[in-house]
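Colleague: Pasting a structure below so you can have a look.
The values are calculated or read from the model by the stated rules, or taken from the named source; none is laboratory data. Model, not experiment: these values are computed from the prediction. Here the Cβ positions follow ideal geometry from the backbone for every residue, glycine too, while neighbour counts run over all protein chains shown.
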Amino acid sequence: MSSHPSRLGVNIGLFLGVSATAWTAVVSIACVPWFLNLLGIESYGLIGFFATLQVAIGLLDLGLGATINREVARSAVLDNLESARRLLSSLEFVYAAVALLILVGITAAAPLIADKWLRYSTLDRDDIHLAIQLMGVVAALRWPISLYLGTLVGLQRMQVSYRITATMATIGNVGAVLVLLYIERTIWAYFVWQATASLLYLLWGRRSAWRELGERTGTRFDSTLLRGVLVQSVMMSGVAVSGLILTQLDKFMVSSSTTLSDFGRYSLAVIMTSGLSVIIIPTFNLIYPRLSTLVATGDTVEQIRFYRLGTRLFLSCLFPVALSAFFYAGDVLTLWTGDRALARDTAPIAGLLCLGVALNGMMHFPYAMQLATGRTRLPLLINCALIVIVIPLTFVLVRHYGALGGALAVLCLNAIYVVIGVTATHIYLLPGLQKRWLLHDVAPTLIVAAATVTGGNYLASLANLDHLARLAVGTVCSVVATTVLFFLYRDVRSVVKYVWSTSSMKFRRRGSS
């Protein structure tokens, strides 16, 4: 059995994805202090509410986004892109209808949301109404974008998807700062700009998806094909709906149970933890279509090899960074916002969220395997069990501890998810692999990362360092832990060497041309 890295699908595409996602995260995070200074914490709470609302709107997806990703990947493997073209053309009609529904629904609900849901004190009621109505416009324009990005990811054109996403994140965030600085310093001006950027995002994504897939031929709407896909997506929709309930429950409860200022702090903590998406999102965008391809070809041996190697590589990067974010959350927030009081109040929330995100990231390979095999009943049952447990838990924690309770709920949710999800995946899909996966792939990464980062934090505390020096120590410890783990695993080391040599050759060729 060949262990060549290219056969495992681990290539330069993943690292390009990390770079693009890193740029997106850096731009988004860098603009937050500007929004806080220009708009205030209450207005930033509205921005956080919109982010939560937009994710919750994903409930209307009915699993179609994941379905087109999988179907396009299968069509590419079977060399039948005509079927994928007909599917995309048909789904465009569905997504356009839903976008109209989103626009009308949010616009009509604006007074109810402003008066009954949000708790504000300094903002003008009319400005909030207008901002919420503009949220409907932005959400409607962004809604179909997932269809086109899903098509690009299914075709394994991740670089194109990343380029679009990174560029539009820059335009959306930096452009909003410029609008607030030089045109109008109001929350509704922020959303006017987001609507403009979202329209450009939609047009660019649609054009790129069709260019990569090839121009459509024949009918634009295939009801027979669409019915078949809708039947397949019914179970997937249950997974998507239950997953969104789990991931957004804390935010909705915090937004309805605390002041808009407190929710602004919670949103700030969420944005900080989103930096971990630099590692998580590109990895999932790579592993899901790759596992779908391996399942479609029936290559069980390569499935297991890719699953184990990917886990080692992924967690070797994720765990050190997540643990550093937990220990140094206050230092990051102080340097980021320049507000010690805000950092002090937000740091405990951000630290707990980082641990929760790390546990959730650990489940990405088992979850991708569940989806790739088409066994969507399994993640649906897991999510339903989690909902039964987590809804009352989150309610109690938020009522007693406010925003901090929301973060505690996220940590508890993901801890339970790991226990249930890992066990179920390996019993039903990968029998006999659970013990090896936990002891040889997961445990060493966690032990090395925890020992290195915790030791560094202890020494930094003894030395009584300032914020910048503490962050330097945390960064060094993360790099050291990841390096040790890369050398600990022979197969991971071979992949790193392969990617490094490939990248070096490309740069040398560019330099000589």
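Colleague: With (1) more than 16 Å from L46 (Cα to Cα); (2) surrounded by fewer than 21 Cβ atoms within 10 Å (Cβ to Cβ); (3) not hydrophobic (A, V, I, L, M, F, W, C) as the list, and D126 as the residue in question, which single condition is left unmet?
Modeller: The failed condition is (1).
Colleague: Which is farther than 21 Å from S461 by Cβ and surrounded by 23 or more Cβ atoms within 10 Å (Cβ to Cβ), of G275, G310, G298?
Modeller: Working: G275 fails: surrounded by 23 or more Cβ atoms within 10 Å (Cβ to Cβ); G298 fails: surrounded by 23 or more Cβ atoms within 10 Å (Cβ to Cβ).
Of G275, G310, G298, the one residue that is farther than 21 Å from S461 by Cβ and surrounded by 23 or more Cβ atoms within 10 Å (Cβ to Cβ) is G310.
Colleague: Of the residues that make up the range 252-266, is at least one outside any helix (DSSP H, G or I) and in contact with a Lys or Arg (Cβ under 7 Å, 6 or more places away or on another chain)? First the steps, then the outcome.
Modeller: Step one: filter the range 252-266 for residues outside any helix (DSSP H, G or I), giving 258-259.
Those left that are additionally in contact with a Lys or Arg (Cβ under 7 Å, 6 or more places away or on another chain): 259.
Within the range 252-266, one or more residues are outside any helix (DSSP H, G or I) and in contact with a Lys or Arg (Cβ under 7 Å, 6 or more places away or on another chain).
Colleague: Test M272 against the stated conditions and say whether it is modelled with pLDDT of 85 or more, in a helix (DSSP H, G or I) and either more than 25 Å from A407 (Cβ to Cβ) or touching a Cys at 6+ places or on another chain (Cβ under 9 Å) (or both).
Modeller: Numbers: modelled with pLDDT of 85 or more: yes; in a helix (DSSP H, G or I): yes; either more than 25 Å from A407 (Cβ to Cβ) or touching a Cys at 6+ places or on another chain (Cβ under 9 Å) (or both): yes.
Taking the combined requirement at face value, the residue satisfies it.
Colleague: List pairs: first residue in the range 251-268 and closer than 21 Å to I57 by Cα and touching a residue at least 40 places away in the same chain (Cβ under 8 Å), second residue aliphatic (A, V, I, L, M) and in a loop (DSSP other than H, G, I, E, B) anywhere in the structure, Cβ distance under 7 angstrom, at least six positions apart or on different chains.
Modeller: L260/L118
Colleague: With farther than 24 Å from L276 by Cβ, assigned to a helix (DSSP H, G or I) and either of a type in the set (D, E, K, R) or without any contact (Cβ under 8 Å) to a residue 60 or more places away in the chain (or both) as the only criterion, which of H426, H400 stands out?
Modeller: Numbers: H426 fails: either of a type in the set (D, E, K, R) or without any contact (Cβ under 8 Å) to a residue 60 or more places away in the chain (or both).
The conditions single out H400.
Colleague: A further question follows. Residues V153, V174: which one is modelled with pLDDT of 85 or more, over 13 Å from L202 (Cα atoms) and either among the aliphatic types (A, V, I, L, M) or within 17 Å of the chain's Cα centre (by Cα) (or both)?
Modeller: Working: V153 fails: modelled with pLDDT of 85 or more.
Of V153, V174, the one residue that is modelled with pLDDT of 85 or more, over 13 Å from L202 (Cα atoms) and either among the aliphatic types (A, V, I, L, M) or within 17 Å of the chain's Cα centre (by Cα) (or both) is V174.
Colleague: Assess whether L355 counts as being assigned to a helix (DSSP H, G or I), crowded, with 19+ Cβ neighbours inside 10 Å and at pLDDT 90 or above. Steps first, answer last, please.
Modeller: Details: assigned to a helix (DSSP H, G or I): yes; crowded, with 19+ Cβ neighbours inside 10 Å: yes; at pLDDT 90 or above: yes.
Judged against the criteria, L355 is a match.
Colleague: Among the residues of the range 457-502 satisfying the criterion of being surrounded by 14 or more Cβ atoms within 10 Å (Cβ to Cβ) and polar (S, T, N, Q), which is modelled with the lowest pLDDT?
Modeller: My answer is T502.
Colleague: Of the conditions (1) aliphatic (A, V, I, L, M); (2) closer than 25 Å to T337 by Cα; (3) surrounded by fewer than 17 Cβ atoms within 10 Å (Cβ to Cβ), L408 clears all except one; give me its number.
Modeller: Checking L408 against (1) aliphatic (A, V, I, L, M); (2) closer than 25 Å to T337 by Cα; (3) surrounded by fewer than 17 Cβ atoms within 10 Å (Cβ to Cβ), the one that fails is (3).
Colleague: Among L323, L291, which is under 25 Å from P379 (Cβ atoms) and either buried (at least 19 other Cβ atoms within 10 Å of the Cβ) or under 23 Å from the mean Cα position of the chain (by Cα) (or both)?
Modeller: Details: L323 fails: under 25 Å from P379 (Cβ atoms).
From the options L323, L291, the qualifying one is L291.
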